[in-house]
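Trainee: Handing you this structure, nothing more for now.
The values are calculated or read from the model by the stated rules, or taken from the named source; none is laboratory data. Every value quoted in this text rests on a predicted model; they were computed, and no experiment measured them. Every residue, glycine among them, receives a Cβ derived from its backbone with ideal geometry; neighbour counts consider all protein chains shown.
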Amino acid sequence: MSDINYIVNDFKVIPRITAVTKKINLVGQTREQLKEKLTLVGVLDKQLNMRIKQIWHWIYFRGVRNFDEMTNLSKSLQQSLAENYSIDVPEIIEKQESSDGTRKYLVRIIGRHEVEVVYIPEEDRGTLCISSQVGCTLTCSFCHTGTQKLVRNLTAGEIIGQVMLVKDDLNEWPKNTDTQEKKPRLLSNIVLMGMGEPLYNFENVRDAMKIAMDPEGISLSRRRITLSTSGVVPEISRTASEIGCLLAVSFHGTTDEIRNNLVPINKRWNISTLIKALREYPKASNSERITFEYVMLKDINDSDADARRLISLIKGIPAKINLIPFNEWPNAPYKRSDKARIKAFSDIIHNAGYASPIRKPRGEDIMAACGQLKSSTQREKKSSAVMKKELGIN
């Protein structure tokens, strides 16, 4: 149990809870949850909306991590907040930078678990690839991340915290105390394409992305956020209604036989079921096309016949097809399709009226490319464990 005594702040005499457990982290709390937390430290109803707005601004617009920096709050409220709550984001354990400018962060969360986050700078944007789970519940055979067992879902705070820690590293929080500086955003796009299946952690992903889109904070347009799913059909329509971001689908196969091997979730929701859900996707339009992600695997899914089947399957769906040259990893069971084969595949799709860009691999030299996340870290841990065992070290 917690010990309760009393303090007086600017608003009223309130109970002060000296918690035995760790302070509650305000990062990741929805506005409604933040309202509850402020009520617990004595903020009056008539003050709540103003205080929520102020604290939200400090955390998500300014990037402030200490309550005593929130200069428009009274000292007594700052003290009450500091005694009961924290403003914590995941910890960067290691940062690597690729020769192409891609940055990969090894990030530690509660429980000493680790995930990886990738920032990809381009001329017209900066894209952050974030994770939604530790490990992955799926076992996609071409994806190295998929060889790692699921440990747990990330909390909303751990998901939005990835965005915040990269904004720290990019030094992108506004410096001016009154208005945001007018300059191109270094972090302009988010893709939920890191570790895990976002739709198996729907509520936390939803709450984190609502924070990212909130106009009084990080303020990213919903069209700047893309959620990638392997095909969790029951949650697809919820993505449109409760998040509203763009949708990408890890497709990768044009027959159930092939896709069952590559994306085993297909055994639960097959291609026909998935395509039906995508045809009914409320946000699908020419301006908000569904992206079909298609990894190019030599002699597996890269034939002309595969390209034509893909066109037939998605007919009538506003879509574009991202062709992804397979990013090989040690002992991978597949090889990357030849450049000429990828180009021929792309041409067939393009000639049918669909955009079919070939994704340029980024960050391969630091194992930061699509499907490679966490691989090098796990190998290092395994090697370390083997070495310790050989040396008799516990």
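Trainee: Any residue in the stretch 179-195 that is within 20 Å of C136 (Cα to Cα) and either charged (D, E, K, R) or surrounded by fewer than 17 Cβ atoms within 10 Å (Cβ to Cβ) (or both)? Quick ask: steps written out before the conclusion?
Mentor: Of all residues in the stretch 179-195, those within 20 Å of C136 (Cα to Cα) come to 190-195.
Now restrict to residues that are either charged (D, E, K, R) or surrounded by fewer than 17 Cβ atoms within 10 Å (Cβ to Cβ) (or both): none.
For the stretch 179-195, residues within 20 Å of C136 (Cα to Cα) and either charged (D, E, K, R) or surrounded by fewer than 17 Cβ atoms within 10 Å (Cβ to Cβ) (or both): absent.
Trainee: Pick out the one residue from L34, L38 that is within 25 Å of the chain's Cα centre (by Cα), at pLDDT 95 or above and under 27 Å from I160 (Cβ atoms).
Mentor: Values: L38 fails: within 25 Å of the chain's Cα centre (by Cα).
Among L34, L38, only L34 is within 25 Å of the chain's Cα centre (by Cα), at pLDDT 95 or above and under 27 Å from I160 (Cβ atoms).
Trainee: Ok, one more. Could you list, in sequence order, all residues of the stretch 317-351 that are of a type in the set (G, A, S) and over 29 Å from the mean Cα position of the chain (by Cα)? Break it down stepwise before answering.
Mentor: Residues of the stretch 317-351 of a type in the set (G, A, S): 319, 332, 337, 340, 344, 346.
Within the stretch 317-351, A340, A344 meet the criteria.
Trainee: Same structure, new question: Within 22 Å of L199 (Cα to Cα), aliphatic (A, V, I, L, M) and touching a Leu at 6+ places or on another chain (Cβ under 6 Å): which single residue out of I321, I290, I271, I358 fits that description?
Mentor: Of I321, I290, I271, I358, the one residue that is within 22 Å of L199 (Cα to Cα), aliphatic (A, V, I, L, M) and touching a Leu at 6+ places or on another chain (Cβ under 6 Å) is I290.
This table checks each residue for (1) in the same structural domain as V118 (by TED's automatic domain parsing); (2) modelled with pLDDT of 50 or more; (3) among the basic types (K, R).
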position	(1), (2), (3)
D338	yes, yes, no
K343	yes, yes, yes
K389	no, no, yes
I393	no, no, no
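Trainee: So which strands (runs of 3 or more DSSP E) stay within the stretch 177-289 end to end and still have 3 or more residues that are under 30 Å from D299 (Cβ atoms)?
Mentor: 225-229, 246-250
Trainee: Sticking with this structure for a sec: What single numbered condition from (1) modelled with pLDDT under 75; (2) over 21 Å from V249 (Cα atoms) fails to hold for A369?
Mentor: The number of the failed condition is (2).
Trainee: In the stretch 138-159, what residues are modelled with pLDDT under 90 and outside any loop (DSSP other than H, G, I, E, B)?
Mentor: T145, G146, T147
Trainee: Among the numbered conditions (1) touching a residue at least 40 places away in the same chain (Cβ under 8 Å); (2) not in a strand (DSSP E or B), tell me where M296 comes up short.
Mentor: Going through (1) touching a residue at least 40 places away in the same chain (Cβ under 8 Å); (2) not in a strand (DSSP E or B) one by one, M296 breaks only (2).
Trainee: Is it fair to say N25 is in contact with a Ser or Thr (Cβ under 6 Å, 6 or more places away or on another chain), outside the structural domain of M193 (by TED's automatic domain parsing), buried (at least 17 other Cβ atoms within 10 Å of the Cβ) and modelled with pLDDT of 95 or more? It would help to see each step written out before you state the result.
Mentor: Numbers: in contact with a Ser or Thr (Cβ under 6 Å, 6 or more places away or on another chain): yes; outside the structural domain of M193 (by TED's automatic domain parsing): yes; buried (at least 17 other Cβ atoms within 10 Å of the Cβ): yes; modelled with pLDDT of 95 or more: yes.
The answer is yes for N25.
Trainee: Pick out, from the stretch 64-137, the strands (runs of 3 or more DSSP E) lying fully within it that include 2 or more residues that are crowded, with 17+ Cβ neighbours inside 10 Å.
Mentor: 103-108, 114-121, 126-129
Trainee: Now a separate question. Given the conditions (1) out of contact with any Phe, Trp or Tyr (no Cβ under 7 Å at 6 or more places or on another chain); (2) modelled with pLDDT of 95 or more, and given that G194 satisfies all but one, which numbered condition is not satisfied?
Mentor: (2)
Trainee: I would also like to ask the following. Take N261 and decide whether it is out of contact with any strand residue (DSSP E or B) (no Cβ under 9 Å at 6 or more places or on another chain), in contact (Cβ under 8 Å) with a residue 12 or more places away in the chain and assigned by TED's automatic domain parsing to the domain that holds I190.
Mentor: yes
Trainee: Can you find even one residue in the stretch 141-151 that is under 23 Å from A212 (Cα atoms) and of a type in the set (S, T, N, Q)?
Mentor: no
Trainee: On to the next question. Can you pull out the residues in the stretch 221-256 that are at positive phi and free of Cβ contacts under 8 Å to residues at least 40 places away in the same chain?
Mentor: Hit for the stretch 221-256 is G244, nothing else.
Trainee: Quick one: in the stretch 299-320, which of the residues that are of a type in the set (A, V, I, L, M) and not in a strand (DSSP E or B) is surrounded by the fewest Cβ atoms within 10 Å (Cβ to Cβ)?
Mentor: Here the answer is A305.
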